[in-house]
Amino acid sequence: MDRSTEELLEVVQLVGRASTDLHGLTSAQEIAKAVTETFRSSRRFNAHVMMVDDGDETLRFVATSFVPTLVKLGEIIAGVSMSSFRVRLEKSPLLTRVIHEGETLLVSTTDALGQFLPSQIVLRVLKRLRYEGTHDILTPLHCRGRIVGILSVTAPDLAELFVPSMKNLAHLMSAALDYAVSQEERRRSDHRYQ
């Protein structure tokens, strides 16, 4: 089996496992964590979930498939913790296109990281992660008809083949987000009447 076929099969398996793990989850954090933990088993693909904050003006990282030691290394290199890091949309044209226009983009990982970090840090991070030449698929996450976040998947050489699968995964995550909101509304309603 050639490499491109192996990668395509791996994507199909990852999306299948992630969609199974999404069933019945009741918070955005649980949903993001389920997807990124599924991707943690992959050697070729990484997933990251960012959600809108501050009146749709910033994005914050909610979850990543990077192992904790790698997250820690990234925090040291960047000089900021992942939990406190915010990306201002006004300074990020690519992320703005995803959040405000609803576009799904396929960009180089260099360009994707350039939306978050200064260029001198991007090159060090890519080299350290061995991500030179990779691409990121950035696709919107919806909840109740609004774009509320971004699923970002870092993929190897043939990333353009995986765009439909990542859009499908984002759709499944969006359905899970809708379900989580409806469950929360139901809990509040039940609590009011008790």
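The values are calculated or read from the model by the stated rules, or taken from the named source; none is laboratory data. All values derive from a computational prediction rather than experimental measurement. Virtual Cβ from ideal backbone geometry, glycine too; neighbours counted across all protein chains shown.
Taking only the stretch 139-184 into account, find how many residues are surrounded by fewer than 18 Cβ atoms within 10 Å (Cβ to Cβ), polar (S, T, N, Q) and within 18 Å of Ile99 (Cα to Cα).
So the count comes out to 1.
When Glu132 is evaluated against the numbered criteria (1) farther than 23 Å from Lys33 by Cα; (2) outside any loop (DSSP other than H, G, I, E, B), which criterion, by number, is the only one it fails?
(2)
Kindly list, by first and then second residue, each pair from a residue in the stretch 128-152 that is touching a residue at least 12 places away in the same chain (Cβ under 8 Å) to a residue that is acidic (Asp, Glu) and part of a strand (DSSP E or B), limited to pairs with Cβ atoms under 8 Å and residues at least 6 apart or on different chains.
Pairs that qualify, where the first residue is touching a residue at least 12 places away in the same chain (Cβ under 8 Å) and the partner is acidic (Asp, Glu) and part of a strand (DSSP E or B), are Ser152/Asp136.
Looking only at the stretch 37-51, count every residue that is crowded, with 21+ Cβ neighbours inside 10 Å and either in a helix (DSSP H, G or I) or not aromatic (Phe, Trp, Tyr) (or both) and tell me the total. Can you show your working first?
Going through the stretch 37-51, the residues crowded, with 21+ Cβ neighbours inside 10 Å turn out to be 38-39, 45-50.
Next cut, either in a helix (DSSP H, G or I) or not aromatic (Phe, Trp, Tyr) (or both) only: 38-39, 46-50.
The number of residues fulfilling the criteria is 7.
Does the stretch 93-106 contain any residue that is on the phi > 0 side of the Ramachandran plot, in contact (Cβ under 8 Å) with a residue 40 or more places away in the chain and not hydroxyl-bearing (Ser, Thr, Tyr)? Spell out how you get there, then give the answer.
Step one: of the stretch 93-106, the residues on the phi > 0 side of the Ramachandran plot are 102.
Next cut, in contact (Cβ under 8 Å) with a residue 40 or more places away in the chain only: 102.
Add one more test, that the residue is not hydroxyl-bearing (Ser, Thr, Tyr), and what stays is 102.
Yes: the stretch 93-106 contains one or more residues that are on the phi > 0 side of the Ramachandran plot, in contact (Cβ under 8 Å) with a residue 40 or more places away in the chain and not hydroxyl-bearing (Ser, Thr, Tyr).
Does Gln183 satisfy being of a type outside the set (A, V, I, L, M), in contact (Cβ under 8 Å) with a residue 60 or more places away in the chain and assigned to a helix (DSSP H, G or I)?
Here the answer is yes, as Gln183 does meet what is asked.
Please go through the stretch 18-29 and pick out each residue that is in a helix (DSSP H, G or I), surrounded by fewer than 16 Cβ atoms within 10 Å (Cβ to Cβ) and in contact (Cβ under 8 Å) with a residue 12 or more places away in the chain.
If the condition is that a residue be in a helix (DSSP H, G or I), surrounded by fewer than 16 Cβ atoms within 10 Å (Cβ to Cβ) and in contact (Cβ under 8 Å) with a residue 12 or more places away in the chain, then Gln29 is the only one that fits.
Could you tell me how many of the residues in the stretch 165-191 are under 15 Å from the mean Cα position of the chain (by Cα) and farther than 16 Å from Ala28 by Cβ?
Residues flagged as under 15 Å from the mean Cα position of the chain (by Cα) and farther than 16 Å from Ala28 by Cβ within the stretch 165-191 amount to 4.
Looking at Ala78, Ala32, which is the one that is within 18 Å of Pro140 (Cβ to Cβ), surrounded by 16 or more Cβ atoms within 10 Å (Cβ to Cβ) and either among the small types (Gly, Ala, Ser) or at pLDDT below 90 (or both)?
Answer to the selection: Ala32.
Return the total of residues in the stretch 115-127 being in a helix (DSSP H, G or I) and touching a residue at least 24 places away in the same chain (Cβ under 8 Å).
Residues that pass the stated criteria total 3.
Of the residues that sit in the stretch 54-75 and are over 12 Å from Thr36 (Cα atoms) and of a type in the set (Ser, Thr, Tyr), which one is surrounded by the fewest Cβ atoms within 10 Å (Cβ to Cβ)?
Applying the filter and picking the extreme gives Thr69.
Within the stretch 81-94, restricting attention to residues that are more than 16 Å from Arg146 (Cβ to Cβ) and among the hydrophobic types (A, V, I, L, M, F, W, C), which residue is modelled with the highest pLDDT?
Applying the filter and picking the extreme gives Leu94.
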